[in-house]
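Asks: A single structure is presented below for examination.
The values are calculated or read from the model by the stated rules, or taken from the named source; none is laboratory data. Computed from a predicted structure; not experimentally measured. Cβ placement follows ideal geometry from the backbone for every residue including glycine, while neighbour counts extend to all protein chains displayed. When the accessible area is computed, the model is the full protein with side chains, heavy atoms only, and any ligands, DNA or RNA have been set aside. Shrake-Rupley method; radii C 1.70, N 1.55, O 1.52, S 1.80 Å.
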Amino acid sequence: MQQIRMQSTFIQIGLTIEDPVQRMEPSKVIQSIEQPQATLHIERTPGRLTIDQAEAWEQMDIKHIFQRTAELAQEGKQKVLEGIARRSRQGDDMMHIERGGNVLGAHAKQNSERPTKQFNIGWIPSPFSVKTHYEQAKLNIEAQTHKPVIDVQIQKTIHDYTPGSVKMNVTQENSLNIDVVNV
């Protein structure tokens, strides 16, 4: 009996694949920051304490030489005027001696008597005789800030890309063999 034999081979395809290559370098950022110093201005007026002891010193009879001289000169002038007035008054009394009375005895008694002296503790000044005045210190602060100077330079990112590829080739072709057997 006759036979037909068929023998076939399928096509075989080969693939050559090249992977894609990608290379990236991130960009470098160059940054500089400069901070100028703040300007600070401080103005200070110191406090001032004033103590006036003049009244206390006067009450203790410790006076400046110029003041003492002026007071003694004024007191001397006053005493001279009082002495002139007394002598003038006594002279008038002597002119009218005929009116009677003991004019010479009265004058002698008046000229010989001294006024009684008053004495007290003189070295303790009265309370609040020392005057104080305080002016507070003043402080003025002025601060001026300056903005920072920022400089940023951004460089491009380096990006290389080689695309991948796929190559096809036929490693075995398809075939069909037909044989007739027993002929």
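Asks: With respect to residue 147, is the statement that it is out of contact with any helix residue (DSSP H, G or I) (no Cβ under 7 Å at 6 or more places or on another chain), under 30 Å from residue 29 (Cα atoms) and among the basic types (Lys, Arg) true? Explain how you work it out, then say what you get.
Replies: Details: out of contact with any helix residue (DSSP H, G or I) (no Cβ under 7 Å at 6 or more places or on another chain): yes; under 30 Å from residue 29 (Cα atoms): yes; among the basic types (Lys, Arg): yes.
In short, yes.
Asks: Follow-up. Could you tell me which residue of region 157-183 is nearest to residue 18 (Cα to Cα), considering only residues that are more than 60 Å from the chain's Cα centre (by Cα) and outside any strand (DSSP E or B)? Step through it out loud before you land on a result.
Replies: Keep residues of region 157-183 that are more than 60 Å from the chain's Cα centre (by Cα), which gives 161-183.
Pick out the ones that are also outside any strand (DSSP E or B) and you get 163-164, 173-174, 182-183.
Values: 163: 9, 164: 5, 173: 24, 174: 26, 182: 51, 183: 52 Å.
Filtering first and then ranking leaves 164.
Asks: Within region 112-130, can one find any residue that is closer than 21 Å to residue 53 by Cα, part of a strand (DSSP E or B), in contact with a strand residue (DSSP E or B) (Cβ under 9 Å, 6 or more places away or on another chain) and open to solvent by less than 100 Å² (accessible area, probe 1.4 Å)?
Replies: Looking only at region 112-130, we keep the residues that are closer than 21 Å to residue 53 by Cα, and these are 120-130.
Next cut, part of a strand (DSSP E or B) only: none.
No.
Asks: Select from region 17-63 the residues that are under 22 Å from residue 157 (Cα atoms) and in a loop (DSSP other than H, G, I, E, B) and write down the one among them that is most open to solvent (accessible area, probe 1.4 Å).
Replies: Just the residues of region 17-63 that are under 22 Å from residue 157 (Cα atoms), to begin with: 20-32.
With the extra rule that they be in a loop (DSSP other than H, G, I, E, B), the set shrinks to 20, 26-28.
Values: 20: 77, 26: 109, 27: 42, 28: 142 Å².
By that ranking, first place goes to 28.
Asks: Can you find, within region 140-152, the residue that is farthest from the chain's Cα centre (by Cα) among those that are exposed (fewer than 10 other Cβ atoms within 10 Å of the Cβ) and assigned to a strand (DSSP E or B)?
Replies: Going residue by residue through region 140-152, those that are exposed (fewer than 10 other Cβ atoms within 10 Å of the Cβ) are 140-144, 147-148, 151-152.
Now drop any that are not assigned to a strand (DSSP E or B), which leaves 140-144, 151-152.
Details: 140: 7, 141: 4, 142: 7, 143: 8, 144: 11, 151: 31, 152: 34 Å.
Per the criteria, the residue is 152.
Asks: Still on this structure, I have one more. Suppose the filter is surrounded by fewer than 10 Cβ atoms within 10 Å (Cβ to Cβ), among the hydrophobic types (A, V, I, L, M, F, W, C) and either closer than 30 Å to residue 39 by Cα or free of Cβ contacts under 8 Å to residues at least 40 places away in the same chain (or both); does residue 97 pass it?
Replies: Numbers: surrounded by fewer than 10 Cβ atoms within 10 Å (Cβ to Cβ): no; among the hydrophobic types (A, V, I, L, M, F, W, C): yes; either closer than 30 Å to residue 39 by Cα or free of Cβ contacts under 8 Å to residues at least 40 places away in the same chain (or both): yes.
No; evaluated as a whole, the condition is false for this residue.
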